[in-house]
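Report on the structure given below.
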Amino acid sequence: MTKNKLAFLTVLAGALLSLPMAHAQTWSTIATSCSPGSDSIGRYAYSNGTFEFSGSNTGMISTRCQINNPLQSGVPKWNTLSMGYQDPDTTFTDYEVQVFLERVRKTTGAHQVIASVDSNQYSISGPNIGKTPFNHTFNFTDYVYYVGIRVNRNDSVANPTVWFASLN
């Protein structure tokens, strides 16, 4: 290799190494790592990563998943909220899984839902991924963010479940 080629490759490698590294644009959590609400105590179960009703309990169970800014500077450009779930009656209302992207203003506690996904929008009864696009500029200086998960069931014949939520 000539001296000129070696010098060029050395300069090129240095330039490439000095470029900022790309940051992952996905936040995800397994539903069982989230914090169930006090109204869900004794009514939910964790089963291999899924959040679901225990026994013959009915009604609503909920859990919240904290979101932190994964970037050292700037804000993530997430624009899709997703969930992995199973809704046994698809678009009917006996069973339902909902995931909400929410924010709370640090100075006032004012609450806002940014995006939501509802299993009753889909006609698949087996395991599924539900998604919804959204347009939001994240502001971790003035707000805190979380994903809320709610599971509803009106009877104990079947058990709706959720195993993950993500932002892409």
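Since every read-out is calculated from the coordinates, none of them should be taken as a lab result. None of the values given here were measured: they were computed from a predicted structure. Neighbour counts run over all protein chains shown; Cβ positions are idealised from the backbone, glycine included.
Would you pick out the residues in region 141-168 that are in a loop (DSSP other than H, G, I, E, B) and farther than 14 Å from LEU101 by Cα? Steps first, answer last, please.
Here is the first cut: in region 141-168, the ones in a loop (DSSP other than H, G, I, E, B) are 141-142, 154-160, 168.
Result: THR141, ASP142, ASN154, ASP155, SER156, VAL157, ALA158, ASN159, PRO160.
Please tell me if THR137 is under 24 Å from ARG43 (Cα atoms) and assigned to a loop (DSSP other than H, G, I, E, B). So THR137 does not fit the description; no. Can you find, within region 122-134, the residue that is surrounded by the most Cβ atoms within 10 Å (Cβ to Cβ) among those that are outside any strand (DSSP E or B) and touching a residue at least 40 places away in the same chain (Cβ under 8 Å)? Only one residue fits best here, namely PHE134.
Does THR141 satisfy the condition of being among the β-branched types (Val, Ile, Thr) and over 23 Å from ASP39 (Cα atoms)?
yes
Here the strands (runs of 3 or more DSSP E) wholly within region 56-121 that include at least 1 residues being surrounded by fewer than 14 Cβ atoms within 10 Å (Cβ to Cβ) are 59-67, 95-105, 111-118. For region 82-121, filtering for residues that are charged (D, E, K, R), in contact with a Gly (Cβ under 7 Å, 6 or more places away or on another chain) and in contact (Cβ under 8 Å) with a residue 60 or more places away in the chain leaves 0. A search for C-beta distances below 7 Å between a residue of region 35-47 that is closer than 24 Å to TYR145 by Cα and any residue that is surrounded by 12 or more Cβ atoms within 10 Å (Cβ to Cβ) and aromatic (Phe, Trp, Tyr), counting only pairs 6+ apart in sequence or on different chains, returns PRO36/TYR44; TYR44/PHE51; TYR44/PHE53.
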